[in-house]
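The values are calculated or read from the model by the stated rules, or taken from the named source; none is laboratory data. As the structure is a computational prediction, the values presented were derived from the model and not from experiment. Note that each Cβ is placed from the backbone with ideal geometry, even for glycine, and that neighbours are counted across all protein chains shown.
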Amino acid sequence: MSDQEHKEMEMDKDIPRQEMENDSLEGTKINENDSQNSENDKVNSELEEVKEELTKEKNNFLRLFAEFENYKKRTSKERIELFSTANKELMTVLLPILDDFERGLKEIEKSSDAALLQGMQLIYNKFKNTLSQKGLKEMEVKQGDVFDAEIHEAITQIPAPSKKLKGKIIDTVEKGYKLGDTIIRFPKVVLGN
């Protein structure tokens, strides 16, 4: 065998060796690509989990924030109601005194002592103005008004003096009062039958 043939044989032997080396390099590259793909899949799945968790926490935060806002509104409304009706007990105790004062003034008007009447009217007006400043309002009920069971208290019925007053309010026995928008004493009325 000549040298050239020998070299050709050697080259033929080298070709499969090179092909094998190339194949193993490609296999390594494929394995590297597979491992990179699986790592990418892991990272993507972890990223999705983090996004879902973030969305869930964001929704929880929004719900909590909304609940807190509702709580603030509710407590401020309750506080306003408390302030407007804080004097309710005191006012209900003072109403009979106010009634007595009015009855006393009517009796003093019958007497001839003008100085006494003027002094009592000053005290009465001051007392009534102070109660008004604290939120007390007198409920206006006139003869001929329609009876409403939600805002009036009927104590008796009498024959109506005219057909117009039948089933309507004829007289007010005791005045009604509101504290803010809350009725603290219903007006006691007489109805026409």
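Please indicate, with yes or no, whether at least one residue in the stretch 162-179 is of a type outside the set (Phe, Trp, Tyr), within 23 Å of residue 98 (Cα to Cα), free of Cβ contacts under 8 Å to residues at least 24 places away in the same chain and not in a strand (DSSP E or B). The answer is no, given that none of the residues of the stretch 162-179 is of a type outside the set (Phe, Trp, Tyr), within 23 Å of residue 98 (Cα to Cα), free of Cβ contacts under 8 Å to residues at least 24 places away in the same chain and not in a strand (DSSP E or B).
Each residue in the stretch 146-168 was checked for being of a type in the set (Ser, Thr, Tyr) and surrounded by 12 or more Cβ atoms within 10 Å (Cβ to Cβ), and 1 pass. For first residues located in the stretch 139-159 and closer than 11 Å to residue 175 by Cα, partners that are of a type in the set (Val, Ile, Thr) and surrounded by 13 or more Cβ atoms within 10 Å (Cβ to Cβ) and lie 6+ apart or on another chain with Cβ distances below 6 Å form the pairs 141/172; 152/189.
Within the stretch 169-182, the only residue that satisfies the criterion of being surrounded by fewer than 17 Cβ atoms within 10 Å (Cβ to Cβ) and among the aliphatic types (A, V, I, L, M) is 173. Restricting the stretch 151-161 to residues that are of a type outside the set (Val, Ile, Thr) and part of a loop (DSSP other than H, G, I, E, B) leaves a set whose member that is nearest to residue 139 (Cα to Cα) is 152. Is it the case that some residue within the stretch 65-81 is surrounded by 10 or more Cβ atoms within 10 Å (Cβ to Cβ), modelled with pLDDT under 80 and not β-branched (Val, Ile, Thr)? Checked the stretch 65-81: at least one residue is surrounded by 10 or more Cβ atoms within 10 Å (Cβ to Cβ), modelled with pLDDT under 80 and not β-branched (Val, Ile, Thr). Going by the conditions given, is residue 109 modelled with pLDDT under 90, not aliphatic (A, V, I, L, M) and not in a loop (DSSP other than H, G, I, E, B)? The answer is no for residue 109. For the stretch 114-145, the set of residues classified as surrounded by 11 or more Cβ atoms within 10 Å (Cβ to Cβ) and outside any helix (DSSP H, G or I) consists of 134, 135, 136, 137, 138, 139, 141, 143, 144, 145, listed by residue number. Of the residues making up the stretch 170-193, those that are within 28 Å of residue 131 (Cβ to Cβ) and either in contact with a Gly (Cβ under 7 Å, 6 or more places away or on another chain) or assigned by TED's automatic domain parsing to the domain that holds residue 103 (or both) number 7.
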